[in-house]
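For reference, the structure discussed in these notes is given below.
Bear in mind that the values in this text are calculations on the coordinates, not laboratory data. Since the model is a prediction, treat every value here as computed from it, not as a measurement. Cβ atoms come from the backbone with ideal geometry, glycine included; neighbour counts cover every protein chain shown.
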Amino acid sequence: MSETTRGLGKDLCARVHAVTGAECYLPDTHYPRPHQSLAGDSWHDGLCTRCAGSGLYADALCPACNGTAFEPLTLPETYQPG
């Protein structure tokens, strides 16, 4: 049985959108481009400001990120990545 090789650019991002639950299918090197789901949805996100990335707030599932540790961001239309 062979061991799977993992590493930068070989794994999928798999980040989950905090509200919709959509999963990013792009390679883990897609940043700063937005996340992309198979359904065609795209989004930017950042470390949750309420739970600081723990997924918990006041000993319960964080309501801002639904436990994903990342919350969706709304970027200005003038935003240019990189």
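Quick look at the numbers
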read-out: Members of segment 54-82 found to be touching a residue at least 24 places away in the same chain (Cβ under 8 Å) and either of a type in the set (Asp, Glu) or outside any loop (DSSP other than H, G, I, E, B) (or both), listed by number; value: 70, 71, 72, 73
read-out: Members of segment 10-34 that are within 12 Å of residue 68 (Cα to Cα) and either surrounded by 15 or more Cβ atoms within 10 Å (Cβ to Cβ) or in contact (Cβ under 8 Å) with a residue 60 or more places away in the chain (or both); value: 15, 16, 17, 18, 22, 23
